[in-house]
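Here is the structure we will look at, set down as structure tokens.
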Amino acid sequence: MPKTTAAFLLFLKDHAARTEQLFLLGDIFEYWAGDDDLDSAYPRQIVDALSAVSELGVKTFWMAGNRDFLVGNDFACAARATRLDDPHTFDFANQRYMLSHGDQFCTDDQAYQIFRAQVRQAAWQARFLAQPLNERKNMIADMRQKSRLHQQQSPMIMDVNRDAVSESVGAHRADILIHGHTHRPARHAGALFSRYVLSDWDFDHKPVRGDWLALMTDGELKRHHAPDELVIE
């Protein structure tokens with residue numbers, strides 16, 4: 001997706017570079033086969049761009065998504081990014097924020113949750129990463145094909161389960177939850193907490209999609225939609 005890549009690189013250069021902290025909440029890559037793929041052309045391009053942002057003094061944080069959960073310490077060092085657990089909480093301007101990729105809240109999709117629990121185990125990852133890189137990429141392609149078929153057959157269970165969200169937010173005593181994964185951008189305001197959902201990014205197809213949230217120094221949380229300068233014609 002060359003236009004999407006160009007838009008992300010422009011976002012890093014013209015927007016992320018002017019902030020104090022940058023939080024990436026997963027699925028930046030379509031897949032990540034292992035840190036031994038770092039020197040391939042495309043991963044290196046993204047890693048170098050992230051490193052350039054960090055060199056400007058921006059503290060960069062990385063949270064794994066369901067597509068790039070195999071990102072490891074070598075990637076983090078190369079990108080000069082700090083890896084975060086999911087969820088991650090912090091306090092700012094009298095509010096507690098909770099950041100998450102969001103896939104663990106989709107508990108109605110029981111088949112996916114079983115798969116997620118399996119591939120997040122250290123033993124499974126060690127066995128997978130022990131395979132040759134090309135074999136891993138072939139396995140990932142097969143898993144992605146099965147995932148697409150599963151999504152087509154079960155579209156109604158791909159959103160978050162509200163009870164799962166409320167339970168997790170309550171356990172972390174958060175006021176604001178920010179997550180992605182579902183590709184259903186919105187702000188859900190409730191009596192106990194607010195939930196902000198980020199969009200996916202796609203600048204190669206119409207309609208163009210892409211947004212981010214900016215937390216201002218006064219505590220205001222602003223959503224920025226894909227501006228004209230990020231739409232690569």
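Laboratory data are not the source of any read-out in this text; all were calculated from the coordinates shown. These numbers were taken from a predicted model, which means no experiment stands behind them. Cβ atoms come from the backbone with ideal geometry, glycine included; neighbour counts cover every protein chain shown.
Things worth noting here:
- The range 109-158: C-alpha gyration tensor shape, a/c 1.5 cut-off, then a/b vs b/c: oblate
- Nonlocal amide H pairs with Arg96, under 5 Å, H built at 1.01 Å: Asp175, Ile176
- Cα gyration tensor, the range 65-133 - rounded (a/c under 1.5), prolate or oblate: oblate
- In a simple Cβ point-charge model (Lys, Arg +1; Asp, Glu -1; nothing else charged), the chain has a dipole of about 320 debye relative to its Cα centre.
- Two numbers describe the Cα atoms of the range 9-55: Rg and Dmax, which are 11.4, 31 Å.
- The length gained on full extension between His88 and Asp200, counted as 0.36 nm times the residue separation minus their Cα-Cα distance, comes to 38.3 nm.
- Per-residue ellipticity at 222 nm computed for the chain from its helices equals -11000 deg cm²/dmol, with DSSP H segments shorter than 4 residues left out and the rest contributing -39,500 (n - 2.57).
- Partner lysines for Lys206 [C-alpha distance under 30 Å; skip if fewer than 8 residues away on the same chain]: Lys3, Lys13, Lys137, Lys146, Lys222
- Equivalent-ellipsoid semi-axes of the chain, from the Cα gyration tensor, Å, largest first: 26, 24, 18
- Antiparallel beta bridges, as assigned by DSSP with both residues in the chain, represent about 50 percent of the total such bridges.
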